[in-house]
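Heads up: the structure comes next, in structure tokens.
The values are calculated or read from the model by the stated rules, or taken from the named source; none is laboratory data. Source: prediction; values computed, not measured. Every residue, glycine as well, gets a Cβ built from its backbone with ideal geometry; the counts of neighbours run over all protein chains shown. Heavy atoms of the whole protein, side chains included, go into the accessibility calculation; ligands, DNA and RNA do not. Shrake-Rupley method; radii C 1.70, N 1.55, O 1.52, S 1.80 Å.
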Amino acid sequence: MVMAERSAEMAAIGDEVPILLDRIEAEGRDAGVPEPLLSELRLCLDELLVNVVNHGMPGPQAVVTVNYRLGPNGVWAEIVDPGPPFDPLSLPDPDVDAPLDDRVPGGLGIYFVRRLMDEVVYERRDAFNRLRIAKRVGAVSPSPTNF
Amino acid sequence: MRIVEEPFGSGVVVKPVGRLDSTTAPIAEQAIRDAMARSGHRLLLDMGELDYVSSAGLRVVLAAAKQTSAASGKFLVCDLKPQVRQVFELSGFTRIIAIVATRAEAEL
């Protein structure tokens, strides 16, 4: 079964992020995405969208697009933004074993995405940044045609 | 997000209700900073009604932990729901922040 691809757009404004996430979360629930995965998807999209909005969008009039597929067996999403080229995967992981005094804020969002998703791919194409994430549920023999 | 605050032991308990994300983190940060100033940096963060936290929320928690440590105060977190616990574990916060199961087990 191939899941239908949907698409949502938002202005590059921080307050728009939870509104979009509420919508995708509700659609995911209707589509039968298991709750733990839905929660992980929300977190990952939140982190990535906030990064896009806070760093490097041309202005609040710029539009960020999220393409996504949601189903009981997994989720797939692609964030497309017209900001300057930036690969968030190029950032080093934070030191999550450092003692309190040595901990510095930052870097955790992308780290969560790396840890929680099965696939995280960045691509710069046609003047857009494209960040794709995917995770399957208990896939015994993953079939690429599902995603 | 809503924030409930009340005296607790020799300090204060701050309870964020709802979601702690990039849009609500500034509100929580201000509330925690005010509570620390009033309580001599003795603070319990009750997460019992916090449904969701992102890295923007963790930034606020880390700042509170660092500030209370620098002021030789006390900072405790209690009652983590599953999503909050998962994010605390992933980020290593369970190793650097004092966490207790419930408010009843917290001592300030």
Can you give me the three principal axis dimensions of chain A from its C-alpha atoms, in Å, biggest first? 46, 40, 27
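I want the local charge near B:Val17. Using Cβ-Cβ distances under 15 Å, sum +1 for each Lys or Arg and -1 for each Asp or Glu among the other residues. Mind dumping the intermediate values first?
Values: positive: B:Arg2, B:Lys15, B:Arg19, B:Lys81, B:Arg103; negative: B:Glu5, B:Glu6, B:Asp21, B:Asp46, B:Glu49, B:Asp51, B:Asp79.
Taking every Cβ under 15 Å from that of B:Val17, the sum is -2.
Between A:Arg130 and B:Ala104, what is the FRET efficiency for a Förster distance of 51 Å, r being their Cβ-Cβ separation, to the nearest 0.05?
Working: r = 49 Å, r/R0 = 0.96.
That pair, A:Arg130 with B:Ala104, gives E of 0.55.
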Quick check on the protein assembly as shown: of the DSSP beta bridges with both residues there, what percent are antiparallel, nearest 5%? 70
Mind grabbing the base-10 log of I(q)/I(0) for the range A:39-79 at q = 0.17, 0.19, 0.20, 0.23 Å⁻¹? Debye formula, identical points on the C-alpha positions, no solvent, two decimal places. -0.51, -0.61, -0.66, -0.81
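Note down the magnitude of the dipole of chain A about its Cα centre, charges +1 on Lys and Arg C-beta and -1 on Asp and Glu C-beta and zero elsewhere, to the nearest 20 debye. Don't jump to the answer; show the numbers that get you there.
Details: 14 positive and 24 negative charges, 96 e Å.
In debye, rounded to 20, chain A gives about 460.
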When all protein chains stay in place, what accessible area (Å², nearest 10, 1.4 Å probe) is found for B:Ile27? 90
Kindly work out what percent of the DSSP beta bridges joining two residues of chain B are antiparallel, to the nearest 5. 35
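Ordering B:Phe75, A:Phe112 by how much accessible area each has at a 1.4 Å probe, largest first, what is the list? List each step's numbers first, then the result.
Details: B:Phe75 20, A:Phe112 0 Å².
From most exposed to least exposed: B:Phe75, A:Phe112.
How large is the dipole of the range B:2-101 about the Cα centre if only Lys and Arg carry +1 and Asp and Glu carry -1, each at its Cβ, rounded to the nearest 20 debye?
On the way: 12 positive and 10 negative charges, 54 e Å.
Result for the range B:2-101 is approximately 260 debye, rounded to the nearest 20.
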Could you point to the residue in B:Gly73, B:Val17, B:Gly57 farthest towards the positive end of the range B:2-101's charge dipole, with +1 and -1 charges on the Cβ of Lys/Arg and Asp/Glu respectively? B:Gly73
Under 12 Å, Cβ to Cβ, from A:Arg115 - net charge with Lys/Arg +1 and Asp/Glu -1: -3
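Taking the radius of gyration and the Kirkwood hydrodynamic radius from Cα positions alone, what is the Rg/Rh ratio for the range B:2-101, to two decimal places?
Working: Rg = 12.0 Å, Rh = 13.1 Å.
Ratio of gyration radius to Kirkwood radius: 0.92.
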List for the range B:31-65: residues with 30 Å² or greater reduction in accessible area, all protein chains versus chain alone, probe 1.4 Å? B:Tyr52, B:Ser55, B:Arg59, B:Leu62
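When only DSSP loop residues count, what GluC sites (Glu not before Pro) in the range A:1-93 have their Cβ near at most 14 other Cβ atoms within 10 Å? Let's see the in-between values first.
Details: sites: A:Glu5, A:Glu9, A:Glu16, A:Glu25, A:Glu27, A:Glu40, A:Glu47, A:Glu78; in loops: A:Glu5.
Passing sites in the range A:1-93 are A:Glu5.
Kindly provide the helix-only [θ] at 222 nm of chain A, computed as the sum of -39,500 (n - 2.57) over DSSP H runs of four or more divided by all residues, to the nearest 500 deg cm²/dmol? Don't jump to the answer; show the numbers that get you there.
Values: 3 runs with 44 residues, N = 147.
Mean residue ellipticity at 222 nm (helix-derived): -10000 deg cm²/dmol.
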3J(HN,Hα) from dihedral phi, the range B:2-12, Karplus parametrisation 6.51/-1.76/1.60, rounded to Hz, x for glycine, proline: 10, 10, 9, 9, 7, x, 8, x, 8, x, 9
Given C-alpha coordinates of the protein assembly as shown, what is the ratio Rg to Rh with the Kirkwood estimate of Rh? 1.00
Find the relative contact order for chain A and round it to a whole percent, using C-alpha pairs within less than 8 Å whose residues are 6+ positions apart. 27
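Please sort through the DSSP H helices of chain A and keep those with an alpha-carbon extent of at least 27 Å along the long axis and a Kyte-Doolittle average not below 0.5. Could you put the intermediate results ahead of the total?
Details: long enough: A:35-54 (28 Å, 0.69).
The qualifying helices are A:35-54.
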About the Cα centre, charge dipole magnitude for the protein assembly as shown (Lys/Arg +1, Asp/Glu -1 at Cβ), debye: 240
What is the helix-to-structure angle for B:55-70, meaning the angle in degrees between its Cα long axis and the longest Cα principal axis of chain B, kept from 0 to 90 and rounded to the nearest 10? 20
Plugging the Cβ-Cβ distance of A:Thr65 and B:Asp51 into 1/(1 + (r/R0)^6) at R0 = 25 Å yields, to the nearest 0.05, a FRET efficiency of 0.40
